[in-house]
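Engineer: Take a look at the following structure, please.
The values are calculated or read from the model by the stated rules, or taken from the named source; none is laboratory data. Everything numeric here is computed off the predicted structure, so don't read it as measured data. Reconstructed Cβ throughout: ideal geometry from the backbone, glycine too, with neighbour counts over all protein chains shown. Ligands, DNA and RNA are stripped out before the accessible areas are found, and what is left, the full protein with its side chains, is counted by its heavy atoms. Shrake-Rupley method; radii C 1.70, N 1.55, O 1.52, S 1.80 Å.
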Amino acid sequence: VGEEVTLKCSFRSSSPITDSLTIDWTYRPFTSGQMETIFHYQSVPYPTIVGKFKDRITWVGNVAKGDASIAIQNPVQSDNGTFICSVRNPPDV
């Protein structure tokens, strides 16, 4: 709580990295609730502009190195939940 936290995500692809590569981070709170997309990447990072993570997510990854990690500033106990990183690099699935 209170310190920046990095959510690590690494990936490998048999296809070359192109502008078609997309990364999506989703979040679901432990106390039930809807799954929500909190970060999207396609050539450039698109942190969420709504919800509890607005203005608190930073891209810290490097797709050329197979890194899709993000950081969350000022985490609080209510941020607890399940975070899922999904990487797509067509045609590799």
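Engineer: Identify the single condition in (1) among the charged types (D, E, K, R); (2) modelled with pLDDT of 95 or more; (3) over 13 Å from the mean Cα position of the chain (by Cα) that D92 does not satisfy, given that it satisfies every other one.
Structural biologist: Going through the list (1) among the charged types (D, E, K, R); (2) modelled with pLDDT of 95 or more; (3) over 13 Å from the mean Cα position of the chain (by Cα), D92 breaks only (2).
Engineer: Considering only residues that are more than 16 Å from K8 (Cα to Cα) and part of a strand (DSSP E or B), look in the range 48-93 and name the one that is least open to solvent (accessible area, probe 1.4 Å).
Structural biologist: N89
Engineer: Another question about this same structure. What about N74, is it within 21 Å of V1 (Cβ to Cβ) and out of contact with any Ser or Thr (no Cβ under 9 Å at 6 or more places or on another chain)?
Structural biologist: The answer is yes for N74.
Engineer: If we scan the range 11-32, do we find a residue that is in a loop (DSSP other than H, G, I, E, B), among the basic types (K, R) and under 14 Å from F83 (Cβ atoms)?
Structural biologist: no
Engineer: Filter the range 10-28 down to residues that are touching an Asp or Glu at 6+ places or on another chain (Cβ under 6 Å) and either closer than 16 Å to S43 by Cα or open to solvent by less than 60 Å² (accessible area, probe 1.4 Å) (or both), then give me how many there are.
Structural biologist: Number of matching residues: 3.
Engineer: Find all pairs meeting these conditions: Cβ atoms under 7 angstrom apart; at least six residues apart or on different chains; first residue within the range 37-63 and free of Cβ contacts under 8 Å to residues at least 40 places away in the same chain; second residue part of a loop (DSSP other than H, G, I, E, B) and open to solvent by 60 Å² or more (accessible area, probe 1.4 Å).
Structural biologist: Close Cβ pairs (under 7 Å, with a partner that is part of a loop (DSSP other than H, G, I, E, B) and open to solvent by 60 Å² or more (accessible area, probe 1.4 Å)) amount to S43/D19; T48/K54; R56/N74.
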